[in-house]
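Just below is one structure, and these are the notes that go with it.
The values are calculated or read from the model by the stated rules, or taken from the named source; none is laboratory data. Treat the numbers as computed from the prediction; the structure is a model and nothing was measured. Positions of Cβ are backbone-derived with ideal geometry, glycine not excepted, and every protein chain shown enters the neighbour counts. Calculation scope for accessible area: heavy atoms of the full protein, side chains included, ligands and nucleic acids excluded. Shrake-Rupley method; radii C 1.70, N 1.55, O 1.52, S 1.80 Å.
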Amino acid sequence: MPVQIFNSTPVGMRVIDLDFNIIHMNRRFMEMFDLDSSHFSRSGHADWDRELLKADRILMRRILNGKKYVEYEIRTRVNEEDAIFIVNASPYFSNDGSVIGIIENFTNITEMRNLQDGIMRIAEVERQRIGQDLHDGLGQNLTAVTFLIEALKDK
């Protein structure tokens with residue numbers, strides 16, 4: 001994989017082998033997870049990626065069972081803040097066509113999810129306000145019409 005292309009993509013990318021060791025991770029991935037070169041190790045996982053390792057075990061089973069493309073969402077903490085990522089994963093093939101790992105693309109959707117949640121809260125508040133306005137306004141009008149009908153009956 002040409003290093004320049006791998007590092008210039010706007011999504012975080014990581015390649016892991018069948019033993020869950022990191023083969024490659026691009027600059028964007030390191031920025032997303034606030035990592036520096038001290039976090040990069042071919043000998044295993046560090047504390048920073050415990051949630052990813054859990055997801056990778058499930059993902060690896062799916063890939064080895066023949067899935068060619070898997071998309072999933074992962075929630076983890078980065079810099080003491082909750083973060084949500086969409087991960088698109090596919091098999092990493094050797095030259096002979098056998099699966100030797102997984103290529104993962106990470107997109108941070110935390111801000112988008114927070115905006116969606118905010119919109120949903122605003123929509124709920126507005127729905128309640130409109131319901132209350134209808135109840136108060138329409139209810140009073142119907143009561144007034146009922147009194148007028150009763151007055152007309154009496155006449």
- Item | Breaking point among (1) at pLDDT 85 or above; (2) farther than 24 Å from residue 5 by Cα; (3) surrounded by 11 or more Cβ atoms within 10 Å (Cβ to Cβ), for residue 28 | (2)
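May I ask you to verify whether residue 55 is more than 30 Å from residue 28 (Cα to Cα) and assigned to a helix (DSSP H, G or I)?
Against the criterion (more than 30 Å from residue 28 (Cα to Cα) and assigned to a helix (DSSP H, G or I)), residue 55 does not qualify.
Among strands (runs of 3 or more DSSP E) lying entirely in segment 70-155, which contain 2 or more residues that are among the acidic types (Asp, Glu) and open to solvent by 50 Å² or more (accessible area, probe 1.4 Å)?
70-78, 81-93
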